[in-house]
Structure formats: structure tokens, C-alpha cells
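Note sheet for the following structure.
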Amino acid sequence: MSPLLFGVAVEPQHNPYGGGPQHTPPSGGSPPGRPPWTGGPFPGAPPPYAPAGFGTPPPRRRTGLIVGLVAGGVALVVVAVTLVLVLESRPTRISDLAAVHRAIESRYEQEPFLGVGEFDGEHTVYVSLHLYDVHGAGRLRKTSVAVSRLVWENVPGSYDQVAVALSNNSDDPFVQVLSTRELRENFGARPGSLTAEKTNGRNATLNRAGDCSTQLDYCDSPAEALVSPNSRVLMERTCRQVDWSEFPAEPVQIRNHIPEKHGAESSMTYLLSPVTAPEPDYVTVALIGKRDDFIDVTCMVGEEGEYEMYSRADYADAAD
């Protein structure tokens, strides 16, 4: 059986909070007591600072070896030009996800959630996407294959596997994981023209992430306020159901945002569950940056969701 026909069909779960790795958009708008959705692998049309269509996975780039042979008189000149083997040399970074985000959004008219991280020792590109007009297990499977191909053809760097989680309003979520060997067998070699996503080269500041892609602001360094001891205290205070002894060392997604458009300056999301989970557990921390609304923390573990907004004063006093 072709690896592209293998997928994991899973039971949907109800997420009362509207954010996070849920597989149906929240009904009736935002849940009572909280502002519009603020994070987590959300399959509807989430703001860019949440796991929209969770996920999230970028394609990598590969290069080739060009050898030119030039004969002249008694001399044979061998000219070897070796292009950088990005596929083998540098692991895919969060900033590399911008190109595949554009490709997925253009084809499906939905923002995906994209992420990169280590899962069970495998460097993984993760994509989560909610599709309103794709129905039936067969179409979800075909769409998952198409999304995996977009990742394979659009994202530079090296990775071990691509995980695609798809959902709609009527079927069980569909999750598919393909190794780079399976991707190569089914789609051939990656395009030789793939290049690393350019970043702005800026250092992270208190409110803004650093080393971000020039488009869509996928970043490699989180805003200082989001990784401070103060923010960790607020995360643990909010997410009491999280096993902090098993908490991942790195977020799968870091992004900057346009505050006037998205309500936040910067955000980061940690994926707590395996990439095969139909409804991923996650923690998202978003920096709003206002006096009364400075940082919000959203967490979803199983069917238990928590959300809390903290003021600047709460943040300043958290580590005391």
C-alpha cells in the first residue's frame, strides 16, 4: 500500500474555548468571558498568532552538484561548483515557514497553523488546517497528500517528517505523517531552487520577536517578555492541568503581529501532544502590550481549557 494512503482517522473532541488544536470552529463566536480566539491549533480562521489549522509544516530545499568539464589542448580543466546542501546541512527553522504558509493559504483560502519542532526525536514540520468545503475521508486524505507536497516543495532546511492534521465541520479529523523518504518516493526530489527564507536580522526585544521572515513574521527568537521568569509564572498559574515536568523546551511557532489588526504584538505556541493527536494539547502565550491587557495565556489539555489575561502590573509582580 502506498504510504500516501495511510492516515489516522480520529474521534473529534469538543473544545469549549474556541482556540487551540480543535477541529471545528467555535459556535456562536467567542466563548463567554474571553476575547476573540487567541491561540492554539485552531482550524477555523484564527488570527495569525494561534495554531490555525495547526500547524503547521514547511517544505525544505535541496541543492545539486554541478560539474563542468572543459577540455583545452593537453589540459583538462574540471570545474566543480557545489551548491550548499541546505536539505542536509541546516535544520528547518520557524522562519522558513512563510513560503509554505503563502502556498497553502493561496490554494485553500484559509490560514494554516504551522510549526516546527522535535517530536519523539524527529524534526517535524507540522501543519493544521480547517477546511470548510472539503468533505469525506477520501477527500481529506487526498488533500493531506496535496498539503504535504506543498511542504516538500516550498520549505528549505532539513527535517525528518511532515505531519498534516485536517478537519472540517462534518467528518472525523484526519492526521497523516510522512517521512522524508516517503515524501521523496512519492514526489521526487525537492526543487533545487529552494532557498532559506530571508530574515530581518533584528534581535528580539521585550515586546517583539527577532530573526523574523520578511513576510508573515515567522520568527526564530521569541520576544523577551514571553520567555521571562515572570511569564513562566503566569503560564503555570493559568495552566494547572499541564505536566510541567514534561513541558517542551522550545515553542513550535513564534510570530510577530500587527497589533491594530490582530490584537497582539507577538506570540508563541507550545505543542504538548504527539503530532498524531486529532485535538492537540497546547499552550499559547500572546503579548498584547497594553497596561491592563499585557499578556494572555491560553492552554488546552484534553477537554480542559483555560484562558487568562494579565495586566502589566500582574506581569511585573509575577516573579516576586
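Could you tell me which of rounded, prolate or oblate describes the range 210-317, using a ≥ b ≥ c as the square roots of the eigenvalues of the alpha-carbon gyration tensor, with rounded for a/c under 1.5 and, failing that, prolate when a/b is larger than b/c and oblate otherwise? Numbers along the way, then the final one.
Details: a/c = 1.69, a/b = 1.16, b/c = 1.46.
Oblate is the answer for the range 210-317, as a/c is 1.5 or above yet b/c matches or exceeds a/b.
If Lys and Arg each add +1 and Asp and Glu each add -1, what is the summed charge of the other residues whose beta carbon sits under 13 Å from the beta carbon of Gln253? Write down the numbers at each step before the final one.
On the way: positive: Arg93, Arg255; negative: Asp96, Glu111, Asp217, Asp220, Glu250.
Around Gln253, the charge tally is -3.
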* Structure fact -> The exposure ranking of Met268, Met300, Met309, Met235, fewest beta-carbon neighbours within 10 Å first, is Met309, Met235, Met268, Met300
* Packing-based exposure ordering (other Cβ within 10 Å, fewest first) of Phe294, Phe174 -> Phe294, Phe174
* **Between the range 302-320 and the range 175-204, the alpha-carbon center distance in angstrom** => 36
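If you keep only loop residues by DSSP, which GluC sites (Glu not before Pro) in the range 226-309 have at most 13 other Cβ atoms within 10 Å of their Cβ?
Values: sites: Glu236, Glu246, Glu260, Glu265, Glu303, Glu304, Glu306, Glu308; in loops: Glu265, Glu303.
Loop-located and lightly packed - Glu303.
Which net charge results for the neighbourhood of Ala209, defined as the other residues with beta-carbon distances under 10 angstrom from its beta-carbon, given Lys and Arg at +1 and Asp and Glu at -1?
Result for the local shell: -2.
Could you size up the charge dipole of the range 210-317 around its Cα centre, putting +1 on the beta carbon of Lys and Arg and -1 on that of Asp and Glu, and report it in debye to the nearest 20? Write down the numbers at each step before the final one.
On the way: 8 positive and 21 negative charges, 56 e Å.
Charge dipole of the range 210-317: 260 debye, to the nearest 20.
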* Please report Ile254, Ile288 as a ranked list, fewest other C-beta atoms within 10 angstrom at the top and most at the bottom. => Ile288, Ile254
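How much net charge surrounds Val233 when only other residues with a Cβ under 13 Å from its Cβ are counted (Lys, Arg +1; Asp, Glu -1)? Write out the running numbers ahead of the final one.
Details: positive: Arg232, Arg237, Arg240; negative: Glu236, Glu308, Asp314, Asp317, Asp320.
Combined, the nearby Lys, Arg, Asp and Glu give -2.
Just so you know, all these numbers are worked out from the coordinates, no wet-lab data involved. Here the structure is a predicted model, which means the values were calculated and not measured. Methodologically, a virtual Cβ is constructed for each residue, glycine included, from the backbone with ideal geometry; neighbour enumeration extends over all protein chains shown.
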